[in-house]
């Protein structure tokens, strides 16, 4: 072979090698995000519509092999409500993937791209889902397959479990439960060793406080979490998430407000806790001054110190049961996120508050760290890092519903950059596309 031909052959081989390497690299998982839950509506997977859910399996390609991963398909009724599989108001759908149904899995379980030949044999149809990060373009893939006969085993992993008798949720990272008397109130929250904690309960209770004066000096309204009721009407307990449907009411004098039907949603690393205030009248007509509505979580005084941050106060302050000068100077303006961490400043919880920014009711930071300040009703006297929000300008709210959603993320390695990643779960949602194979 002449030198010219040898060089041409070498260049050609090099080009082929580069192309092969490029193709190989493009099919590898490049997704950096790990904390996102993925919820895909059935209509986004047209090739899977009509599949029997019991025959459906999900896989990720890892190290060239298909592995079963945890997933669930929650059926949604025509009215937009979940078909809850347990509880007094359980309901059933047709058991097939429909446009409204929701496929749920965790992004950290996704894998590489691969051909359908890697899937376990016996499937009648398959769908590839590509997940893309709109922030940096990272990608990952999962695969759905339908097995009419003898479907392969499901993943044995179960990330979240619900105990309705004790109204408690357990995951590998945390456990939370509701107060036995104030049934709308969180009464137990513990971070487990897998989440960087010691498994001890850290909260007294979630406090819900409403105070207002009636015009004309006709009296006052003073309500707390023990005048609110919450009962479970049904739930879904899958391997990836628990959806707990509740009916919630508040007593105004001897009259109960209309029930607010809400869903609490729990994942391995987070939970979503909605609050809905059903206002049966225009507050400004009946109430004088500025009524206050507070939702805050009071810590246990025996488990101190802790550290508090939020988007307005990124330097952090020590929670130790005594208000310091730095705590007194906290910026109480509306915030994007807040965090309460263990003394190591690494493990703890990041909270995101979602509300209607067009509403005149504005949530301001509520913060009190004074173990000597009694704030009954409470089980552990004193406010030892009682932190949450307080709505102002409620007198300007019109009759109707006022909804706020609190999302709690359990973190094990807190940094400000990680907070950005957590905020992106809602602000920069991962994009999912599908194709039949």
Quiz item: Can you name the condition, by its number, that residue 338 falls short on among (1) in contact with a strand residue (DSSP E or B) (Cβ under 6 Å, 6 or more places away or on another chain); (2) free of Cβ contacts under 8 Å to residues at least 60 places away in the same chain; (3) crowded, with 20+ Cβ neighbours inside 10 Å; (4) within 14 Å of residue 292 (Cβ to Cβ)?
Solution: (4)
Quiz item: What are the residues in segment 369-416 that are in a strand (DSSP E or B), over 30 Å from residue 37 (Cα atoms) and modelled with pLDDT of 95 or more, if any?
Solution: 369, 370, 383, 384
Quiz prompt | Sole residue being more than 23 Å from the chain's Cα centre (by Cα) and either under 30 Å from residue 246 (Cα atoms) or modelled with pLDDT under 95 (or both), chosen from 56, 30, 85, 34 | solution = 56
Quiz prompt | Residue satisfying condition, being out of contact with any strand residue (DSSP E or B) (no Cβ under 9 Å at 6 or more places or on another chain), over 17 Å from residue 154 (Cβ atoms) and either in contact (Cβ under 8 Å) with a residue 40 or more places away in the chain or not in a strand (DSSP E or B) (or both), within set 43, 29 | solution = 43
Quiz item: Is it the case that segment 69-77 has a residue that's without any contact (Cβ under 8 Å) to a residue 60 or more places away in the chain, under 22 Å from residue 435 (Cβ atoms), out of contact with any helix residue (DSSP H, G or I) (no Cβ under 7 Å at 6 or more places or on another chain) and crowded, with 20+ Cβ neighbours inside 10 Å?
Solution: no
Practice problem: Take segment 375-401 and flag every residue that is closer than 19 Å to residue 335 by Cα and crowded, with 19+ Cβ neighbours inside 10 Å. | Solution: 385, 386, 387, 388, 389, 391, 394
Exercise. For segment 78-99, enumerate the residues that are buried (at least 18 other Cβ atoms within 10 Å of the Cβ), part of a loop (DSSP other than H, G, I, E, B) and in contact with a helix residue (DSSP H, G or I) (Cβ under 8 Å, 6 or more places away or on another chain).
Key: 97, 98
Quiz item: Quick one: is residue 425 under 21 Å from residue 354 (Cβ atoms) and part of a strand (DSSP E or B)?
Solution: no
Quiz item: Residues of segment 243-261 being touching a strand residue (DSSP E or B) at 6+ places or on another chain (Cβ under 8 Å), part of a strand (DSSP E or B) and either farther than 30 Å from residue 423 by Cβ or modelled with pLDDT of 90 or more (or both), which ones?
Solution: 243, 244, 245, 246, 247, 249, 250, 251, 252, 256
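The values are calculated or read from the model by the stated rules, or taken from the named source; none is laboratory data. Fair warning: this is a prediction, and the values are worked out from it, not measured in the lab. Methodologically, a virtual Cβ is constructed for each residue, glycine included, from the backbone with ideal geometry; neighbour enumeration extends over all protein chains shown.
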